[in-house]
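*Asks:* Quick one: the structure is below, and I'll ask about it shortly.
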Amino acid sequence: MVWDVLSALVRLFIIEPFQVELDEHLRRLGAPAAVVQEVASCASAAQPVLVERISGDPWWGVATVVRLWLGTTSYEAVLGDQVPACAPALRAAQPYLQETDE
């Protein structure tokens, strides 16, 4: 039960915003469909990893959500640091994400 609630919160506050934000940027900038799919797969793989991390350290989870809301960290940074399986997808998306910073 607690696991389900935590999983839903991670999905609501981290995974879904990440998917929406990156999907919009990548599609707007003409990223190949394969890159968009890799990012979507990364988000799916990230949920159980982040739930496990937050269940072991709830304060990290709260602090991470607050930093995401304040803009002092990015979804890419959180996933890159916490979910090693996301590294290839984030590297593939990076050239398109850099274009948005200019």
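*Asks:* Of all residues being among the charged types (D, E, K, R) and surrounded by fewer than 16 Cβ atoms within 10 Å (Cβ to Cβ) in region 22-46, which is nearest to the chain's Cα centre (by Cα)? Just the residue, please. Break it down stepwise before answering.
*Replies:* Taking region 22-46 and keeping what is among the charged types (D, E, K, R), we get 23-24, 27-28, 38.
Those still in the list that are surrounded by fewer than 16 Cβ atoms within 10 Å (Cβ to Cβ) too: 23-24, 27-28.
Values: Asp23: 11, Glu24: 14, Arg27: 16, Arg28: 18 Å.
If we take residues in region 22-46 being among the charged types (D, E, K, R) and surrounded by fewer than 16 Cβ atoms within 10 Å (Cβ to Cβ), then Asp23 is nearest to the chain's Cα centre (by Cα).
*Asks:* Then there's this: Residue by residue through region 47-102, note down the ones that are β-branched (Val, Ile, Thr), surrounded by 17 or more Cβ atoms within 10 Å (Cβ to Cβ) and within 12 Å of the chain's Cα centre (by Cα). Show your work before the answer.
*Replies:* Going residue by residue through region 47-102, those that are β-branched (Val, Ile, Thr) are 49, 51, 54, 62, 64-66, 72-73, 78, 83, 100.
Checking which are surrounded by 17 or more Cβ atoms within 10 Å (Cβ to Cβ) leaves us with 51, 54, 64-65, 78, 83.
Once the filter is applied, which keeps residues that are β-branched (Val, Ile, Thr), surrounded by 17 or more Cβ atoms within 10 Å (Cβ to Cβ) and within 12 Å of the chain's Cα centre (by Cα), region 47-102 yields Thr64, Val65, Val78, Val83.
*Asks:* Same structure again: Between a first residue in region 25-44 that is in contact (Cβ under 8 Å) with a residue 24 or more places away in the chain and a second residue that is of a type in the set (S, T, N, Q), which pairs have beta carbons less than 8 Å apart while being 6 or more apart in sequence or on different chains?
*Replies:* Cβ pairs passing all conditions: His25/Thr100; Leu29/Thr100; Val39/Gln19; Ala43/Gln19.
*Asks:* So which residues in region 49-68 are touching a residue at least 12 places away in the same chain (Cβ under 8 Å) and within 16 Å of Leu79 (Cβ to Cβ)?
*Replies:* Val49, Leu50, Val51, Arg53, Ile54, Gly61, Thr64, Val65, Leu68
Coordinate-derived values only; no laboratory data. None of the values given here were measured: they were computed from a predicted structure. With ideal geometry, Cβ positions are generated from the backbone for all residues, glycine too; neighbour counts draw on all protein chains shown.
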